[in-house]
């Protein structure tokens with residue numbers, strides 16, 4: 001069997017960004033996939049992902065990238081998260097990724113990946129992005145920002161969702 005080939009949507013740079021108006025990762029992934037699916041034929045997938053923290057009732061959730069406001073940096077988002085968890089003992093969290101697959105802009109299926117961990121009290125590691133320096137992953141006994149990219153992909157929420165998508169396409 002030939003290896004799967006994943007390519008960016010042709011002309012993506014000239015397409016207006018899609019508004020992410022969903023209240024869940026699944027809703028946003030579907031909105032994006034159906035929107036961008038209008039600009040091509042065949043299969044297309046889009047994802048939405050972020051961090052859910054138990055003590056914050058699932059926040060930052062779908063607002064993970066803009067938790068500290070529109071255009072906020074990773075550092076600003078991380079500082080706000082730490083401030084909001086300052087008095088919390090429960091630091092359980094999960095990264096979530098949902099991928100929506102469309103064919104000719106019609107939803108085929110969604111695929112979900114999660115990784116469980118906890119929020120550290122201060123950042124660790126120089127790799128990764130977003131909340132990786134604060135996300136402690138117990139099986140590897142370190143923050144995700146301390147994990148080399150290939151190894152991180154093997155255990156990450158995105159990796160899990162993408163492997164489920166690829167398995168579906170192989171069938």
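One table, with the values for the structure above:
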item	result
Residue check, residue 22 outside any loop (DSSP other than H, G, I, E, B) and at negative phi	no
Near pairs, Cβ below 6 angstrom, 6+ apart or cross-chain, from the range 128-156 (in contact (Cβ under 8 Å) with a residue 24 or more places away in the chain) to any residue that is part of a loop (DSSP other than H, G, I, E, B) and surrounded by 15 or more Cβ atoms within 10 Å (Cβ to Cβ)	133/123; 133/124; 133/125; 134/120; 134/123; 144/128
Check on residue 33, out of contact with any strand residue (DSSP E or B) (no Cβ under 6 Å at 6 or more places or on another chain) and either part of a loop (DSSP other than H, G, I, E, B) or farther than 20 Å from residue 130 by Cα (or both)	no
Scan of the range 62-71 for residues that are buried (at least 18 other Cβ atoms within 10 Å of the Cβ) and touching a strand residue (DSSP E or B) at 6+ places or on another chain (Cβ under 8 Å), ordered by number	62, 64, 65, 67
Residue in the range 37-61 that is surrounded by the most Cβ atoms within 10 Å (Cβ to Cβ), counting only those that are out of contact with any strand residue (DSSP E or B) (no Cβ under 6 Å at 6 or more places or on another chain) and part of a helix (DSSP H, G or I)	56
Matching helices (runs of 4 or more DSSP H) fully within the range 62-171 where at least 1 residues are farther than 30 Å from residue 40 by Cβ	74-85, 149-155
The range 109-131, subset within 17 Å of the chain's Cα centre (by Cα) and closer than 12 Å to residue 93 by Cα, residue surrounded by the fewest Cβ atoms within 10 Å (Cβ to Cβ)	116
Test: residue 94 is within 16 Å of the chain's Cα centre (by Cα), surrounded by fewer than 20 Cβ atoms within 10 Å (Cβ to Cβ) and modelled with pLDDT of 95 or more	yes
Of the criteria (1) modelled with pLDDT of 95 or more; (2) within 15 Å of the chain's Cα centre (by Cα); (3) under 25 Å from residue 57 (Cβ atoms), which one residue 79 fails	(2)
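The values are calculated or read from the model by the stated rules, or taken from the named source; none is laboratory data. As the structure is a prediction and not an experimental result, all values here were calculated from the model. Glycine also receives a Cβ, built like all others from the backbone with ideal geometry; neighbour counts cover every protein chain displayed.
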